[in-house]
Amino acid sequence: VFTGIFTAEMFLKIIAMDPYYYFQEGWNIFDGFIVSLSLMELGLANVEGLSVLRSFRLLRVFKLAKSWPTLNMLIKIIGNSVGALGNLTLVLAIIVFIFAVVGMQLFGKSYKECVCKISSDCELPRWHMHDFFHSFLIVFRVLCGEWIETMWDCMEVAGQTMCLTVFMMVMVIGNLVVLNLFLALLLSSFSSDNLAATDDDNEMNNLQIAVARMQKGIDYVKRKAREFIQKAFVRKQKVLDEIKPLEDLNNKKDSCISNHTIVDIGKNLAYLKDGNGTTSGIGSSVEKY
């Protein structure tokens, strides 16, 4: 099921991006390689020995580096260190080869002739220098730090002086110098890539971009709501400011109309008076009031 999902994803990306641009990205090549191995394993399920291809599916875990900046940085550092470590690995291989040949030439015959000193059944033990392969393994074991037992066997069959000299040279040159150079190169790669990664740290990953977009949208909504409320308040204030002068004007008109009515009534009363200074019935009744 998952193989089908990943296969569909790969083909959809190829259709969307065009095959040329799809294979320009390293992660797409990695994904295509894993999907191809999975399809090969499903197609050749009846063939013995190909079930080991299933283990390559676990490499998909490294796709987390696309959204996990720390893992992505570590993978980049290791990838950038491969070039420098390749030259040092070649030097280490040459050193191991030289000491393996020296051990075989100096101690190979001694291991064969004096084998009874280190083996009760007079057969070659697991660790010896009679041939190049086993001599190579002993040198590699010395580089790993397990050298006391093999050096003791060498001293038993070939003497102390030569064995101490060869084993000390392997320890000093191979272990203390070359392997420490490996560590120095790795540390320098980590430090230089960390300094160069300051610019990359400024680039937001997908999650940060999504959060930033959401925050931007929320800020936009808040700003628009604030502007709408401000506009509504200003509009209401303008209406109130326009209504207030009208009310004052109406009040002034009402007061003017009242004064004008009183003046008219006074004039009417004066007109209704006769020549003797008396008023008619209406006038007298009004004067009473």
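The values are calculated or read from the model by the stated rules, or taken from the named source; none is laboratory data. Treat the numbers as computed from the prediction; the structure is a model and nothing was measured. Positions of Cβ are generated from backbone atoms using ideal geometry, with glycine treated the same way; all protein chains shown enter the neighbour counts.
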(message) Looking only at residues that are at pLDDT 80 or above and small (Gly, Ala, Ser) in region 1-47, which one is surrounded by the fewest Cβ atoms within 10 Å (Cβ to Cβ)?
(response) Ala16
(message) Looking only at region 67-87, how many residues end up being within 9 Å of the chain's Cα centre (by Cα), touching a residue at least 60 places away in the same chain (Cβ under 8 Å) and in a helix (DSSP H, G or I)?
(response) 2
